[in-house]
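Worksheet: one structure, shown below.
The values are calculated or read from the model by the stated rules, or taken from the named source; none is laboratory data. All of these numbers come straight from a predicted model, not from anything done at the bench. FYI the Cβ positions are ideal-geometry reconstructions off the backbone, even for glycines, and counts take in every protein chain you see. Each accessible area value is taken on the protein alone, full model and side chains, heavy atoms only, with ligands, DNA and RNA left out. Shrake-Rupley method; radii C 1.70, N 1.55, O 1.52, S 1.80 Å.
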Amino acid sequence: MALSRSDNSVLGRWWWTVDRWTLLAVGTLIGFGYVMMLAASPAVAERIHQSRDVFILKQVVFLALAGLTVVGVSLLSPRGVRRLALLGCLAALALTAATLVMGVEIKGARRWISVPGMTVQPSEFLKPCFAVVAAWLLSQGQRRRHFPGMLLAGAIFIVIAMLLKSQPDMGMLAVIAAVFFVQLFVGGLNLPLVGVGAGGLVAAAGAAYAFFPHVRSRVTRFLDPASGDSYQVNTALEAFGNGGLLGRGPGEGRVKDVLPDAHADFVFAVVGEEFGMVVCLVVLGLFGFIVLRGLLRLLAEQDLFIVLASCGLVTSFGLQAFVNMGSSLHLIPTKGMTLPFVSYGGSSVLAVALGIGMLLALTRRRARSEPVWSTAS
Amino acid sequence: MTDAQPQAPCTRTAHAIAPDVARRAAMEKTRGRLVIASLGFSLLFGAVALKLAGATVMFPMQSKRLDRLAQLPNPISADASAPASGALAMPPRDAGPHTRAMVVDRNGEILAISLPTAGLYANPREMMDTDEAARKLKSVLPSLDLQVVRARLASEKQFVYLARNITPNEHLAINNLGIPGVYFQATERRRYPQGRVAAHVMGGVDVDARGVAGVERAFDQRLRDDPTPLKLSLDVRVQAAMRDELSQSMAEFHAIGACGIVMDVHTGEVIAMVSLPDFDANKAGEATNEQRFNRAVTGMYEPGSTFKLQTAAMALDSGAAQLWSSFDAAHNIRIGRFTIQDFEGKHRVLTFPEVIAYSSNLGAAHMAQQVGTERQRSWLHAMGMFTRVGIELPEQGQPIVQPAANWKEIATMTVGFGHGIAVSPLHVVRGTAVLANGGMMLHPTILEAEAPQSDEHRIMRQSTSDTVRKLMRLVVTDGYGKPADVPGYFVGGKTGTAEKTLGHGYRKHANISAFMSVFPMNAPRYAVYFMLDEPKGNASTAGYSTAGAVSAPGAGRVIARIAPMLGLMPETVTAAATQATLSMPLRPGRPAGWRPPVDTSLAHAPAHPQEVPAPQQPVIPRQEAGPSITSVAAR
């Protein structure tokens, strides 16, 4: 890409203002996801009843779409991001509500909507969109008199919480709640209320443990692996053990044949088995780099909306990666969540791409005089 | 949800006064919190990195499943559904690093061994020509059903099982065929080289090599965990000899079943345990229930006259009767509706030794009456007749015993000659072995014992045991047990014929005919039990199907065969002298100067009434045991 600094085209301006380090990290992750897809394809193709070629084609298309989404969304102005998020939030809310009525039931939960070619999990898209919308409401609440931003954001959150509780999708709810909480925290919520919020999260987790049998069973199995079927997590740990420092080599892993969710929820174990600890650390490092760079770059940011929205997007991205890696390493109870860009999966990779695209768009360098908040209508 | 109210007024005020300052202050706060959030994420990701290092390099988890899978050339995933493929991909069991341990007999002879074999499966989708593949496979494995194989290979599945237990030669031959899409799965197969010989003791394993019966089940975990061979007390040569003699007698007398046991009377080790009909342990799955039934420990039979030895011992040990006591066998006993009578009785007063030698029901009934219900029950309890026999086999059954409340005088009398109670043959063997070994209680075991049992305790006087040994010898020299004698081995024993019960009564001509013997009687080593189930008399026995006619000869032949195997040589040179020490007159007189004891039984016998609590084991009421004893015959 030979773009001159003086290139004033849309792409030219984008290239010189976008955070290219983050872009590089994201690109590396997408490339890595491509490699893992090739490695896992024989096992997964069988599992989803498709020929290997169709599967590979499909995932190539998804990853390409993800790349395009990242770039395309990052071309938007902050205002554009806000509008997109608002629309996306409304649409995702509606679709999430629709899952309860017309959703596809998979493994006891109604989280998916069937569209031609794939099943979409609308709550995946809700996650980045709500983060941006909440950030906007919160920043407006601080900026304008008589604007009950926090109240509105809280109300939307409660609606989302009710929907996700009915699906049920406690993992997604936990992530969205945590992201919202971090946004409130960064937004300057005073410490007593931070305490109340944290207490609320703990209480909610306790309630989930008490009222949802599958949550309880997973936590019990986590705390005492002997108490139940810990086949998945044991197999995953064996995979890491097999991999050792440098791994068994690409395609030589076995865990992907054994675990039904190896290509999605346990992809980190596949990486560990085939590529070993060093590459796992590189992957972990990429996620850490994106998250920490994203957060620390906000220190120089003047605009509260940008800070809150970016911080929400980064948190959601980072938490998702942490939950995935943590569950396959038996660091936390098993929770099916994809590893951004690396796991197989259509709608989740697009949703993650949407979030990262928004992040890149919001963190593009702007002239100081370009106040994004004042344009709020 | 948190509310904005507490904070809002403050912000608004600040905003009104100095908007820029307030905003800057707020942004400072936000920046501080961003740093905290960054620290939080560093913590989370650091934890992941630590755990990752632990799981991969520092404490890698031992992998059984994945390594085992790595031997497979291709992912196994059967049909479509994910759970099914997960289940199939999982090896059938956690076999551990080694194969199931061997089981050997006391001489190291192999009774059970696991051989490595392979399971043959195929992925039809990888096959170019399934018909040709089926034909080629059939050429190596003639037992394959071509139709079935064709049908399986024609399916849309990616995993079809074709054959189990492929031998290494077949494995090689199939590989040489070069058929694509054919795979092997490492398995093991349990083989029992002795086939039927100790099938009931071994039990067997299922297709996943889990013990389902016998020793395989009792020691399942041990055989998985510990690769060293499990050594049994059995001597397979003795076992085979016993089985051989039982089969011959069973055929000769058209019996429906048979049972034989050899036990070391000092250690309680079971040297042989045979139950017929039996089955090939290699094909345990095809055995019928009748074949699987282990008469030796599961079958509960009325012991019949073999129990008179117990009655004699308890009478002597308690002082209730003396060798020179006499008992009325001239008159049948009538209690209520029941009549007790003798089979071919002498119809006169019999001495103590005569009661045993001629197996008099009336004499034994009177003897038991003199012992009394309480002492009889505590004796039998101490002998372990009320509880499971305690051997390691899971099939052992619970004796059928009347509860104490129903144990009236009639029960005392019938139990005196072995009716109204049902125990397993192993109970009878253990009880008789204890009578012969000097009175030390035994715990029957199927495992080789290094030394005589350490926790053994005396339950009768040595002198009682000495007298009972002479009585047992008397049965063989002068009583119904004559056919069991083997020159030089001083066999002693007792016949026992019991009519089998059917519903509420006894079946005529359906007997359990057993001979319970011990040899050599001068220094007892082994107890030998030989029983036929429903034998039919023939010309050679003048139509008799009683124990003396059908079982005693078999017991004698067994002893003659196994004694040399067990290292016992016949004592012929000093036979007369030895026999003299064992002999006893049929009608002994009262020794001069003897005075009746003042119930010394309580003083010397540790296992007697006061010390022995009532049976704790719940006793199963035997239905209608009493009313059925209308015409009990003991021979």
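Table for the structure above
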item: Sum of -39500 (n - 2.57) over DSSP H runs of 4+, divided by residues of chain A (222 nm, nearest 500); result: -24000 deg cm²/dmol
item: Violating pairs (Cα-Cα greater than 32 angstrom) within the set B:K231/B:K283; A:K256/B:K138; A:K58/B:K51; A:K256/B:K231; result: A:K256/B:K138; A:K58/B:K51; A:K256/B:K231
item: Shielding by partners - mean other protein chain Cβ count within 10 Å, residues of A:327-335; result: 3
item: Furthest towards positive pole of dipole, B:G418, B:Q369, B:M383, structure part segment B:359-421, Cβ charges; result: B:Q369
item: For A:267-276, mean number of other protein chain Cβ atoms within 10 Å; result: 1
item: Length released on extending from B:Q248 to B:A53, taking residue separation times 0.36 nm less the Cα-Cα span; result: 63.2 nm
item: Cα centre as origin, Lys/Arg/Asp/Glu Cβ charges: segment B:299-402 dipole, Debye; result: 280
item: Solvent-accessible area buried by B and A, counting both chains, probe 1.4 angstrom, square angstrom; result: 5600
item: Straight-distance crosslink candidates among lysines, where the alpha carbon sits under 24 Å from B:K470 and sequence neighbours closer than 8 are dropped; result: B:K308, B:K346, B:K482, B:K494
item: Packing-based ranking, highest mean first, of B:193-205, B:328-340, B:486-498 given that Cβ atoms within 10 Å are counted; result: B:486-498, B:193-205, B:328-340
item: Order by protection proxy (mean Cβ within 10 Å, highest first), peptides B:242-248, B:544-550, B:186-192; result: B:544-550, B:242-248, B:186-192
item: For residues of B:24-31, the mean tally of beta carbons on other chains within 10 Å; result: 5
item: Chain A: DSSP helices with Cα axial extent of at least 27 Å and average Kyte-Doolittle hydropathy no lower than 0.5; result: A:20-47, A:52-74, A:78-102, A:191-211, A:267-297, A:304-328
item: Centroid-to-centroid separation of segment B:498-569 and segment B:328-345 [C-alpha atoms, Å]; result: 25
item: Most to least accessible of B:W379, A:W21 (protein chains only, probe 1.4 Å); result: A:W21, B:W379
item: Calculated FRET efficiency for the pair A:A94/A:V196, C-beta based, R₀ 35 Å, to 0.05; result: 0.70
item: Using a Förster distance of 30 Å, the FRET efficiency for A:V101-A:T220 (Cβ separation, nearest 0.05); result: 0.35
item: Shape category assigned to chain A from the gyration tensor of Cα positions, a/c cut at 1.5; result: oblate
item: Packing-based order for B:282-291, B:395-404, using average beta carbon neighbours within 10 Å, highest first; result: B:395-404, B:282-291
item: Cysteines without a disulfide-compatible partner [chain A; Cβ-Cβ under 4.7 Å]; result: A:C280, A:C311
item: Charge dipole (debye, nearest 20) of segment A:240-377; +1 at Cβ of Lys and Arg, -1 at Cβ of Asp and Glu; result: 420
item: Student exercise, segment B:362-472 dipole from Lys, Arg, Asp, Glu Cβ charges, in Debye to nearest 20; result: 480
item: Rel. contact order, % - alpha carbon contacts under 8 angstrom, at least six apart, segment A:143-256; result: 11
item: With DNA, RNA and ligands ignored, accessible area of A:K58 (1.4 Å probe; Å², nearest 10); result: 60
item: Rounded percent of accessible protein surface that carbon and sulfur make up, segment B:246-369, 1.4 Å probe; result: 50
item: Partners for A:K127 among lysines (Cα-Cα distance below 21 Å; same-chain residues under 8 apart left out); result: A:K165, A:K335
item: Cut-off under 5 Å, modelled amide H: who pairs with B:Y301 long-range; result: B:V423, B:S424
